[in-house]
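Quick note: the coordinates plus some simple rules give every number you see, no bench work behind them. Note that the structure is predicted; figures quoted are calculated from it, not measured. Cβ placement follows ideal geometry from the backbone for every residue including glycine, while neighbour counts extend to all protein chains displayed.
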Amino acid sequence: MITEFANNNIPFPQPINSKFKFIDLFAGIGGFRIALQQLGGECVFSSEWDSQAQETYTLNYGEIPFGDITSPEVQSNIPQNFDILCGGFPCQPFSICGKKLGFEDTRGTLFFEICQILDKHKPQICFLENVQHLTKHDKGNTFNVILNSLSNLGYNVSYKVLNAKDFGLPQFRERIFIVGTRKGIFDFSKIKLSNPVILEDFLDKSDDFEYLGEDEYTLLDKDLVKQQSKSGLIFCGYRNKGTWKKGIRPNTLHLSRCHRQPNRIYSVKGTHPTIPSQETSGRFFIYNPELNKVRKLSINECYRIMGYPDNFIKHPNLASQYKQIGNSVAIPVIRAIAEAIISQNLLNADKIKDYEYHFGYNTNQLVINF
């Protein structure tokens with residue numbers, strides 16, 4: 001049974017007067033939850049199988065998430081009525097040998113659990129997040145299975161790859177977002193974007209920073225340092241680690257140190273690359289041209305450039321902190337999408353007319369017939 005704590009003992013309590021209800025699946029450390037609670041959403045169920053992520057979740061929201069969502073006993077605790085199902089579901093191999101490419105073809109995957117819950121509870125909104133590569137997995141077949149599954153369950157589906165750097169964060173982080181609605185259809189073009197920001201404005205002014213010695217890194221000549229137009233990254237140097245010879249093209253061995261992402265150094269005058277979940281030692285190094293120094297990005301700064309408030313309570317284990325933030329979602333992106341769902345009146349299903357829709361499989365575009 002879920003354990004709840006007094007609201008005054010946690011940094012992110014439920015809203016006093018909720019405007020809608022949601023469930024938080026594959027909850028991680030609650031990035032979806034923070035964003036939706038900020039807009040008046042009440043979380044009525046949460047699920048996360050990782051025990052350390054459960055610990056972090058409990059510290060911040062005052063409840064222990066249920067465990068394995070594949071368990072019928074866990075699913076039996078989901079309230080019958082809620083408005084939004086949300087979550088960043090893991091991408092697993094799908095069986096696509098069937099002809100329908102829909103609901104039944106997701107058996108054996110965690111996405112199938114989402115389908116079962118949608119089929120039983122029929123919330124107005126399905127709000128999902130995944131890695132950008134999901135659209136290309138198995139030549140697009142996996143993504144078509146997902147779209148068809150949601151369609152077969154009665155949802156009008158729209159999707160788009162969004163980047164955290166377009167939502168007030170200094171991080172180049174592309175993710176696919178899927179919004180399914182039982183009435184109407186979500187319009188991604190109406191999401192409010194933010195002006196670009198730079199990493200420097202999100203850094204701590206003082207801390208016990210981990211600086212590199214001058215013999216531990218090499219900076220590029222100034223004429224080679226250029227900001228990438230799409231990402232906003234400014235690659236400016238690399239750590240002097242051992243050279244990497246396997247797979248290096250002829251005449252590029254001198255660049256081998258920077259082929260590995262943890263060896264790369266980026267300027268604070270631009271954005272930061274995607275924070276991955278695999279980097280549990282936090283080997284993210286930044287260069288401050290005004291100080292002419294290279295240091296490691298602190299764990300607090302990692303959470304900040306994902307949009308987490310400074311009062312968020314982190315797990316006691318540092319490796320777990322890095323893993324959990326890399327697995328999380330960029331909160332301002334989630335909030336912007338949720339704001340657009342609300343402003344488009346998609347939670348008030350009775351006021352929206354039905355649409356006839358179908359998928360264009362060759363283009364992965366949603367075709368709407370009014």
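So which GluC sites (Glu not before Pro) in the stretch 148-243 pass both tests, a DSSP loop state and at most 13 other Cβ atoms within 10 Å of the Cβ?
Within the stretch 148-243, the qualifying GluC sites (Glu not before Pro) (loop, at most 13 other Cβ atoms within 10 Å) are E210.
Say the cut-off is 20 Å between C-alpha atoms; which of K120/K183; K19/K314; K160/K230; K296/K323; K165/K190; K21/K183 go over it?
Working: K120/K183 17 Å; K19/K314 28 Å; K160/K230 17 Å; K296/K323 16 Å; K165/K190 17 Å; K21/K183 17 Å.
Beyond 20 Å between Cα atoms: K19/K314.
Roughly what would the spin-label model give for S206 and D187, points 7 Å off Cα along C-beta, in nm?
Going from the S206 label point to the D187 one covers 5.1 nm.
Based on alpha-carbon centroids, what's the gap between the stretch 46-95 and the stretch 304-350 in Å, whole number please?
15
With r as the distance between the Cβ atoms of V161 and N348 and R0 = 30 Å, compute the FRET efficiency 1/(1 + (r/R0)^6) and round to 0.05.
On the way: r = 28 Å, r/R0 = 0.93.
Efficiency, rounded to the nearest 0.05: 0.60.
Work out, step by step, the length gained on full extension between D223 and S277: first 0.36 nm times the residue separation, then minus their alpha carbon distance; give nm to one decimal. Don't skip to the end; give the middle numbers.
Details: separation 54, 0.36 × 54 = 19.44 nm, distance 3.32 nm.
Residue separation times 0.36 nm, minus the Cα-Cα distance, leaves 16.1 nm.
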